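K.L.:
Have a look at this one.
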Amino acid sequence: MPRGPPAGGSDYPPAVTDELVPVFRVEDGAAAAEWYGSLGFAVVGEHRFGPGMPRYVFLQRAGVHLHLSEHTGDAPPGSLAYFFVDDLDALAADVGAVVEEMPWGRQFEVTDPYGNRVRVGGT
């Protein structure tokens, strides 16, 4: 099954062999995409089956992909994804988060306006 907008609408998805992409349920894809911009994600595509239909948004930060769906059956609200970055302290400062020392490493957690959580770990 194709991932992303129909042919001709975008160069998304990138050519990859295997990739796992988390999907978060959101009420407003555009507003959620703006919030995820604070974590460095940019919109690389969007799909709707027709005018007024729910939006499905494709985000990317470096080689990491995240999808946001307004479709009610796509993902449970309040999901969690773990995201590893090289710039943990800088990103935490950008979003006003506190980095915690855990037995497995350093991390912080943020929650989007729809209850989805992103744990960010790194060096």
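The values are calculated or read from the model by the stated rules, or taken from the named source; none is laboratory data. Quick caveat: nothing in here was measured; it's all calculated off a predicted structure. With ideal geometry, Cβ positions are generated from the backbone for all residues, glycine too; neighbour counts draw on all protein chains shown. Only protein heavy atoms, including side chains, enter the accessible area calculation; ligands, DNA and RNA are left aside. Shrake-Rupley method; radii C 1.70, N 1.55, O 1.52, S 1.80 Å.
Let's see how each residue does on (1) open to solvent by 50 Å² or more (accessible area, probe 1.4 Å); (2) touching a residue at least 24 places away in the same chain (Cβ under 8 Å); (3) more than 17 Å from Ala33 (Cβ to Cβ):
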site: His67; (1), (2), (3): no, yes, no
site: Phe83; (1), (2), (3): no, yes, no
site: Asp86; (1), (2), (3): yes, yes, yes
site: Val95; (1), (2), (3): no, yes, no
site: Glu100; (1), (2), (3): yes, no, yes
site: Thr111; (1), (2), (3): yes, no, no
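K.L.:
Has the stretch 32-51 got at least one residue that is touching a Pro at 6+ places or on another chain (Cβ under 9 Å), crowded, with 17+ Cβ neighbours inside 10 Å, assigned to a helix (DSSP H, G or I) and not hydrophobic (A, V, I, L, M, F, W, C)?
P.N.:
Within the stretch 32-51, none of the residues are touching a Pro at 6+ places or on another chain (Cβ under 9 Å), crowded, with 17+ Cβ neighbours inside 10 Å, assigned to a helix (DSSP H, G or I) and not hydrophobic (A, V, I, L, M, F, W, C).
K.L.:
Please work out if Arg61 is charged (D, E, K, R), surrounded by fewer than 18 Cβ atoms within 10 Å (Cβ to Cβ) and in contact with a Phe, Trp or Tyr (Cβ under 6 Å, 6 or more places away or on another chain).
P.N.:
So Arg61 passes the test.
K.L.:
Looking for whichever is farther than 22 Å from Arg48 by Cα and either among the aliphatic types (A, V, I, L, M) or outside any strand (DSSP E or B) (or both) here; the options are Ala75, Ala93. Which one fits?
P.N.:
Ala93
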